[in-house]
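Down below is the structure, laid out as structure tokens.
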Amino acid sequence: MKKVTCFLLSAVLVSSLFLFNGKAGASSFSDINNHWAKEDMEYLVQKGIIGGYADGTFRPNEVVTRAQAAIMIGRALGLPGEQPVDARFKDVPASVTGSGFIHQLELIGVAAGYGDGTYRPHNPVNRGDATIHLIKSTLAPSDRKGYPEHPFTDVSTSQASGDYVIIAYHNGIVDGYADKTFRPYEHITRAQFSVFLSRSLQSEKTSAPELEEQEAVDLLNRYNTVREAAYADALDQPNYKFQTYKTKEEFYQLFLGFMSRDVVETTFSIRLREENGSLYLVAMDSVRTFKPEIPHDFEKITDRLSVLTQIQESDMYGREKLIFTYKNMDGTWKISSIRAVNLLQQ
């Protein structure tokens with residue numbers, strides 16, 4: 001198995017029937033003695049990471065829900081999600097178990113919802129989505145960089161989870177089936193998730209340089225400087241046509257040294273237009289940006305994840321909290337998420 005940078009995931013599954021009993025021996029579970037994932041499940045039980053049900057079973061074939069996945073990852077990151085809150089998803093009021101973690105993970109760019117504004121917390125997690133969460137939670141160090149061909153016949157980069165599955169496979173976290181498929185849309189079971197977790201936990205950790213507060217500020221200032229210089233290439237031109245850049249990808253390359261591809265594409269894809277071999281800047285709302293003259297707060301979440309927040313006020317957006325998340329990728333700290341929360345609407 002390939003070595004992979006990872007951190008400890010807390011796999012506490014919450015439901016009305018679930019009994020967390022991490023100190024109990026795996027032999028107390030009557031339904032895993034001959035299971036193919038027995039070793040991995042035993043490892044997690046012995047670590048106090050996952051337990052079983054009140055009837056003495058582990059239920060390895062039971063699926064994991066999206067809310068349960070959020071609880072696992074949120075606790076692993078040490079996020080303050082135990083307190084229920086009304087999340088920004090319309091189907092995640094405070095009464096939903098895991099609402100606090102869903103809210104916190106959405107803010108730092110780990111959890112995402114659907115186009116209709118829902119999160120669907122009780123829906124099962126499929127294998128592709130589970131892999132996305134694992135990678136975005138810094139279980140693998142890569143930033144969607146190119147890898148050699150992989151063996152899954154049903155995975156491509158055109159799929160939402162495609163890049164993440166490829167990263168996870170080449171970092172030794174996931175594998176597929178004997179028929180060379182990964183089955184990204186198949187629901188992930190507790191046994192399968194235990195295997196992914198166990199592999200991550202037992203892999204050798206690679207040390208990551210700690211992100212200092214001033215380095216975090218410098219990255220945001222660099223983002224501001226590069227963006228303003230890039231925009232200047234088009235602002236004084238007819239129809240805001242760029243003189244130097246012909247494609248979105250050329251523009252993206254300006255930022256990929258210090259920002260993840262996810263956040264670059266999210267920020268700029270709708271602000272750029274490719275047409276007839278040229279690139280144009282689309283006139284629209286301004287980009288949320290760090291303001292060095294305003295106070296900010298900085299917090300280290302894990303060895304590979306940090307957050308900087310800043311309260312800002314403007315005529316266009318009102319009073320907001322800007323949340324900048326940093327992730328260590330391949331030994332380099334990058335801005336991995338930019339979120340804005342309207343404080344007047346809370």
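The values are calculated or read from the model by the stated rules, or taken from the named source; none is laboratory data. Every value quoted in this text rests on a predicted model; they were computed, and no experiment measured them. Please note: Cβ atoms are built from the backbone with ideal geometry, for glycine as well, and neighbour counts cover all protein chains shown.
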Between G74, G117, G113, which is modelled with pLDDT under 90, in a loop (DSSP other than H, G, I, E, B) and not basic (K, R)?
G113
Going through region 160-185 in order, the residues found to be farther than 11 Å from G128 by Cβ and either more than 20 Å from the chain's Cα centre (by Cα) or polar (S, T, N, Q) (or both) are N171, G176, Y177, A178, D179, K180, T181
Return a yes/no flag: does region 267-286 have any residue that is among the aliphatic types (A, V, I, L, M) and under 20 Å from L105 (Cα atoms).
no
Please enumerate the residues belonging to region 51-83 that are within 19 Å of V125 (Cα to Cα) and of a type in the set (A, V, I, L, M).
V63, V64, A67, A69, A70, I71, M72, I73, A76
V92 vs. criteria in a loop (DSSP other than H, G, I, E, B), at pLDDT 90 or above and among the β-branched types (V, I, T)
yes
Out of region 143-160, which residues are surrounded by 15 or more Cβ atoms within 10 Å (Cβ to Cβ) and of a type in the set (D, E)?
D143, D154
Would you check if there is a residue in region 53-66 being hydroxyl-bearing (S, T, Y), over 30 Å from W36 (Cβ atoms) and either crowded, with 22+ Cβ neighbours inside 10 Å or modelled with pLDDT under 90 (or both)?
no
Looking at F268, F255, F242 in this structure, which one is touching a strand residue (DSSP E or B) at 6+ places or on another chain (Cβ under 7 Å), among the aromatic types (F, W, Y) and outside the structural domain of S137 (by TED's automatic domain parsing)?
F242
Looking only at region 161-181, which residues are buried (at least 16 other Cβ atoms within 10 Å of the Cβ) and assigned to a loop (DSSP other than H, G, I, E, B)?
S161, N171, G172, I173, V174, G176
Per the list (1) modelled with pLDDT of 95 or more; (2) surrounded by 15 or more Cβ atoms within 10 Å (Cβ to Cβ), residue check on K246 breaks on (2)
